[in-house]
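Just so it is clear, none of the values below were taken in a lab; they were calculated from the coordinates. Because the structure is a prediction, the values reported are computed rather than measured. Ideal geometry is used to build each Cβ from the backbone, glycine not excepted, and the neighbour counts take in all protein chains shown.
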Amino acid sequence: MTDEAVVAVGLVKEFGSVKALGGIDLTVKRGQVVGLLGPNGAGKTTVVRILSTLLMPTSGYAKVAGFDVVKNPAEVRREIGLTGQYAAVNEYLTGRENLTMFGALYHLPAKYVREKSAELLESFDLTDAADRPAKTYSGGMRRRLDLASSLIAQPSILFLDEPTTGLDPRSRLGMWDVINGLVADGTTVLLTTQYLEEADQLADEIVVIDHGRVIAQGTAETLKDQIGGDRIEISVIDPTRVNDAVNAIKTVSSGEPVVEDLTISAPVSGGSTVLVSAIRALDVQGVEVGDILLRRPTLDDVFLSLTGHAAEEDAAPSDEPKKRGKGRK
Amino acid sequence: MTASVQTRKRPLLGWNISDGVVVSRFSLVQTLRVPELMFFSLVQPVIFVLLFAYVFGGAIPIAGTGTSAEDAANIYRNYLMPGIFGQTVAFAAAASTVGMAEAMSTGLIDRFRSLPMASGAVLIGRTFADAARQILVLLVLSITGFLVGWRITGGIWNAICAYLLLLLFAYSVTWVGASIGLAMPNVETASTAGLVWLFPLTFLSNAFVPLSSMPSWLQPIAAYNPVSTLVLATRELFGNPTGIQPDYWPLNHPTLYTIGSCALVIAIFATLSIRKYTKTTAK
């Protein structure tokens, strides 16, 4: 068994004249959780579809569980579970029937499927709804059923394509719990997300992609360090005193403060002692402060500094091959 | 960590069939969950029977017609029923078109394609279930026909052969329907595209009017239309009036021509749609 669950080298995918992937390199080690982070149209789904044998790369190659996705798709499919952006379950069938059907199509023994289905329904909190058509499920329940469907054969590698897109915050937290549980059991996970918080929460390593290219890679911490240290952020109560506050902050900051309405933020070095100096400086100026905090850069800051645009910002429609019909060649 | 469960082994054709049976089984379960859809797919042909039997019944003369208007209408109804059967089984294709388009739009196809299942099984199973649903439709239609005066006079074995021929035809058109469904960008387009070709297919035939009543340039087109030979073969097998046939090879060998066309259509469209399926992805 190879140490690498997923290896992709120079993956290029063109849809007609649109280049969805411009040469992606990616490695996921066994037992690791890698988050593929990028805005809409960055190429995340295309990567997952190539790795799960649904799409052929235009060039480059990829191995999943040691098998080439183009030459040995059948072997790859036996090792993976895929949960797409859409709850890919038959909504007319009940939760249990869906699991039974997918289990049979994985060619698993009926008795095993029966027991495993019951176990999955139980652990995903779907036992009460198990014999109702999936049509009656809430969005969160459908996603959990979808994830359960991809786990029926106990895959060693799991692809999760935007597993929480469209879910309300509570369902999202529930989904995170479920995913963290799988990871604790040793499943290798490659997940895509456009939520920076989600990648931060779930992934050991983050690969940031934009316009079909990897633009940064590393742990959440290294990515944050890459764009510099901590920032101090204060909010002023009296609008007329903003300038005084900026002058006070300048005396402690290591860079130019940024003003947005009543909030001033600036890069600082020196850890928490800088807070004390800042408060003193503001006190000398006699500026009343509503809020003061020292924060590490978020992945939002990382994204902004890497790409020049925010992560949630939609890419131009022409960069979005999945909206152009069915990705046909 | 690898999958700890041992999967079963079987040759490829065996998997296509056994996976197809699984897909088919759950596709039929799905039918039972939406009784409304089944109900309306039964209502439409029944309405056709009533409209044609009573609205057009007296207006379309069939060779062999008796003297009274009542006789003429009764003969037309016996002529009509195999036509309605033929038209109805042809329309089974529309359900396959919508079914495939729907499975693509919900991402279900992506999931199926990521499973280690046989590549033809989803289509084999779906088309089989779509054709199997026609058994119930034919039953309801036969009862309706009986109530308006249609009679089987050709013997029980011939009648069984007629029903089997109709089901074979249904199975072959569901492959055409599935191929169209896979090529459509969304469900809305699919539901229109799935129907539009079926009207000329079924009306450019002897299903409702004798070929001799059509303009002479249209007759050969209708004569080579497999719906015409299906309906003619069915009329002969049920012992219903056939009218007088123009002299074309398919009309002289309707059963053979129908079986041959069905086999050809299945071979072509199964190849096309399975190839398309293995390359297609959701949306």
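For the protein assembly as shown, the calculated P(r) over all alpha carbon pairs, in 10 Å bins from 0 to the bin holding the longest distance, is 3, 14, 20, 18, 14, 12, 8, 4, 3, 2, 1, 0 percent.
Most simply put, chain A has about 65% antiparallel DSSP beta bridges, counting only bridges with both residues inside it. Taking B:TYR54, B:TYR76, B:TYR257 in turn, the Gaussian network model of chain B (Cα-Cα springs below 10 Å) assigns the largest fluctuation to B:TYR54. Site pair B:LEU164 and A:GLN217 shows an inter-label distance of 6.2 nm when each label is modelled 7 Å from Cα along Cα→Cβ.
Among DSSP bridges having both ends in the protein assembly as shown, what percentage is antiparallel? Round to the nearest 5. Bridges in the protein assembly as shown that DSSP calls antiparallel: roughly 65 percent. Residue by residue along B:29-37, Cβ atoms of other protein chains within 10 Å of the local Cβ number 3 on average.
The alpha carbon centroids of segment A:87-160 and segment A:1-66 are separated by 26 Å. Averaged over the residues of peptide B:115-128, the number of Cβ atoms from other protein chains lying within 10 Å of each residue's Cβ is 3. Rounded to the nearest 10 degrees, the angle from helix B:156-183 to the longest Cα principal axis of chain B is 50 degrees. Mean residue ellipticity at 222 nm, helices only, chain A: -10500 deg cm²/dmol; runs of at least 4 DSSP H residues each add -39,500 (n - 2.57), and the sum is divided by the number of residues.
Across chain B, Cα pairs under 8 Å and at least six residues apart give a relative contact order of 27 percent. Mean-square fluctuations from a GNM of chain A, with a 10 angstrom spring cutoff on Cα atoms, peak among A:GLY31, A:GLY212, A:GLY16 at A:GLY16. Around the Cα centre of the protein assembly as shown, unit charges on the Cβ atoms of Lys, Arg, Asp and Glu (plus for the first two, minus for the last two) sum to a dipole of about 2760 debye. With respect to chain A, whose longest principal axis is taken over its alpha-carbon atoms, helix A:273-285 is tilted by about 40°. Largest mean-square fluctuation among B:GLY149, B:GLY99, B:GLY20, in a Gaussian network model of chain B whose springs join Cα atoms under 10 Å apart, belongs to B:GLY149. Each residue in B:HIS253, A:HIS211, A:HIS107 was given a count of other beta-carbon atoms within 10 angstrom of its own, and listing them fewest first yields B:HIS253, A:HIS211, A:HIS107. On the beta carbon distance between A:GLU115 and A:SER254, with R0 = 56 Å, the FRET formula returns roughly 0.40. Given B:VAL21, B:CYS161, B:LEU115, which one lies farthest toward the positive end of the charge dipole of segment B:20-277, if we put +1 on the Cβ of every Lys and Arg and -1 on the Cβ of every Asp and Glu? After comparing all options, I get B:LEU115.
For the pairs A:LYS71/A:LYS135; A:LYS19/A:LYS135; A:LYS71/A:LYS224; A:LYS63/A:LYS224; A:LYS135/A:LYS224; A:LYS13/A:LYS111, flag any whose C-alpha to C-alpha distance is greater than 32 Å. As for pairs spanning more than 32 Å Cα to Cα, those are A:LYS71/A:LYS135; A:LYS19/A:LYS135; A:LYS71/A:LYS224; A:LYS135/A:LYS224; A:LYS13/A:LYS111.
Here each label is just a point 7 Å from Cα along the line to Cβ, and for B:PHE199 and B:ALA267 those points are 3.3 nm apart. Modelled spin labels at B:ASN186 and A:ILE237, positioned 7 Å past Cα toward Cβ, are 5.4 nm from each other.
Look at the dipole of chain A built from charges on Cβ: of A:ALA278, A:ALA216, A:ILE234, the Cα furthest out on the positive end belongs to A:ALA216. Using C-alpha pairs below 8 Å separated by at least 6 residues, the relative contact order for chain A is 22 percent.
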